[in-house]
Amino acid sequence: MSPEHRAQRAAQRQLDAYNTGDIDAFVACYHPDVRIFDLKTGEQTMSGREEMHNAYGPMFQKFPELNAVVTTRSVVGNVVFDREFVTGRGEPIQVMAIYEVDEHELITKVWFVR
């Protein structure tokens, strides 16, 4: 399987889990040592599955209508570029998410632009 195919499968799997609010399935899409960054500032905002679970779990509970739709997806090698339209948490927002995926179909790094 090509790196592009693995990367796209990983990105879609995490999106599906996000949209169902399944925190365990969502976090399982990420490498245990995943690092998440704000692309504008370059700052790391989160690291590791446990920190993700602690941040996203309560959010999924508080906003059961949370939903992200990919409006554009590009894949280059093992990196996925998703432009997403997110609703269910107040005002709808547009987000660019960039996912780096390893050979095991786990997301190792994420950069967000809001």
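Quick notes
- Residue 89 meets each of the listed conditions (1) in a strand (DSSP E or B); (2) open to solvent by 30 Å² or more (accessible area, probe 1.4 Å); (3) in contact (Cβ under 8 Å) with a residue 24 or more places away in the chain apart from (1).
- Of the residues making up the stretch 92-104, those that are part of a loop (DSSP other than H, G, I, E, B) and open to solvent by less than 80 Å² (accessible area, probe 1.4 Å) are 92, 102.
- Matching residues in the stretch 23-46 - criterion: being in a strand (DSSP E or B), closer than 18 Å to residue 105 by Cα and open to solvent by less than 50 Å² (accessible area, probe 1.4 Å): 30, 34, 36
- Cβ-Cβ under 8 Å pairs, at least 6 apart or on other chains, the stretch 31-52 side more than 19 Å from residue 103 (Cα to Cα), far side part of a helix (DSSP H, G or I) and not basic (Lys, Arg): 46/52; 46/55; 52/26; 52/27
- Screening 13, 6 for residues that are at pLDDT 95 or above, out of contact with any Cys (no Cβ under 6 Å at 6 or more places or on another chain) and not in a strand (DSSP E or B) leaves exactly one candidate, 6.
- Matching residues in the stretch 80-114 - criterion: being under 19 Å from residue 45 (Cα atoms) and among the small types (Gly, Ala, Ser): 97
- When the criteria are applied in full, residue 51 meets the requirement of being modelled with pLDDT of 95 or more, part of a helix (DSSP H, G or I), over 12 Å from the mean Cα position of the chain (by Cα) and not hydroxyl-bearing (Ser, Thr, Tyr).
- Residue within the stretch 60-70 that is assigned to a helix (DSSP H, G or I) and open to solvent by less than 70 Å² (accessible area, probe 1.4 Å) present: yes
- Residues satisfying the stated conditions in the stretch 1-22, i.e. crowded, with 19+ Cβ neighbours inside 10 Å and within 14 Å of residue 59 (Cβ to Cβ): 17, 18, 21
The values are calculated or read from the model by the stated rules, or taken from the named source; none is laboratory data. Only a predicted model underlies this, so the values are computations on that prediction, with no experimental measurement involved. All Cβ positions, glycine included, derive from the backbone under ideal geometry; neighbour counts span all protein chains shown. The accessibility values were calculated without ligands, DNA or RNA, using every heavy atom of the protein model including side chains. Shrake-Rupley method; radii C 1.70, N 1.55, O 1.52, S 1.80 Å.
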